[in-house]
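The values are calculated or read from the model by the stated rules, or taken from the named source; none is laboratory data. Computed from a predicted structure; not experimentally measured. With ideal geometry, Cβ positions are generated from the backbone for all residues, glycine too; neighbour counts draw on all protein chains shown.
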Amino acid sequence: MTERFAVTRTIPAPPDRVFAALADPSRHKHTEPGDWVRDAVDTAQIDHVGQMFSVNMYLDLAGGDYVMENKVTHFEQDRTIGWLPGTTQEGRWQAGGWWWRYDLTPAGDGAGTDVTLTYDWTDTPQAFRDQIGGMPPFPEEFLGQSLAALDRHVTA
């Protein structure tokens, strides 16, 4: 069974400007509605599949402060970017079982970018689901709020 949310919003900015925010880990804190994502540990631009980047995070359900180590799974300049969050334990990176993906297409009227944000938690282990009280740890509206935050950031 697929467990997934996908939300689309038209942002009045060209795809390259939207993509630039998504490909810069130091700007990820501006792409969500709260303060869950903190500062970037790795500030290098995302530019290829397989790249790793880390961000400091905070979530009460996850025990407070933690570092999320993300592996880039999709990268097509100005079109698609996605990553699989995980952590390193005993020297080995392990995926958490959920992923984020942004797909960008020029809006039909040429006045912006249609951005689809997808969050999939299909492969999240039951033990982790139980630990945080179920998946996902937010309602579907969170994705719309995230796209609104991205919109405010790239059009400010």
Exercise. List the number of the failed condition for E140; all other conditions in (1) closer than 26 Å to T10 by Cα; (2) free of Cβ contacts under 8 Å to residues at least 12 places away in the same chain hold.
Key: (2)
Quiz item: Hey, L84 hits all of (1) under 21 Å from G134 (Cβ atoms); (2) at pLDDT below 95 but one; which does it fall short on?
Solution: (2)
Practice problem: Given the conditions (1) among the acidic types (D, E); (2) surrounded by fewer than 18 Cβ atoms within 10 Å (Cβ to Cβ); (3) part of a helix (DSSP H, G or I), report the number of the one that D151 does not fulfil. | Solution: (2)
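Go through the range 108-136 residue by residue and tally those that are in a loop (DSSP other than H, G, I, E, B) and surrounded by fewer than 16 Cβ atoms within 10 Å (Cβ to Cβ). Full working, then the answer.
Within the range 108-136, the subset in a loop (DSSP other than H, G, I, E, B) is 108-112, 121-125, 133-136.
Restricting the remaining residues to those that are surrounded by fewer than 16 Cβ atoms within 10 Å (Cβ to Cβ) gives 108-111, 122-123, 125, 133-134.
Number satisfying all stated conditions: 9.
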Quiz item: Do we have T73 as under 15 Å from the mean Cα position of the chain (by Cα), hydroxyl-bearing (S, T, Y) and under 18 Å from A149 (Cα atoms) here?
Solution: no
Exercise. With a cut-off of at least 1 residues that are among the polar types (S, T, N, Q) and more than 27 Å from T8 (Cβ to Cβ), name the strands (runs of 3 or more DSSP E) lying wholly within the range 47-107.
Key: 52-59, 80-89, 92-95
Exercise. Could you please give the count of residues in the range 37-65 that are at pLDDT 90 or above and either basic (K, R) or surrounded by 14 or more Cβ atoms within 10 Å (Cβ to Cβ) (or both)?
Key: 14
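Please enumerate the residues belonging to the range 67-107 that are without any contact (Cβ under 8 Å) to a residue 12 or more places away in the chain and either surrounded by 14 or more Cβ atoms within 10 Å (Cβ to Cβ) or at negative phi (or both).
The initial filter retains those residues of the range 67-107 that are without any contact (Cβ under 8 Å) to a residue 12 or more places away in the chain, namely 76, 89-92, 94.
Within the range 67-107, E76, Q89, R92, Q94 qualify.
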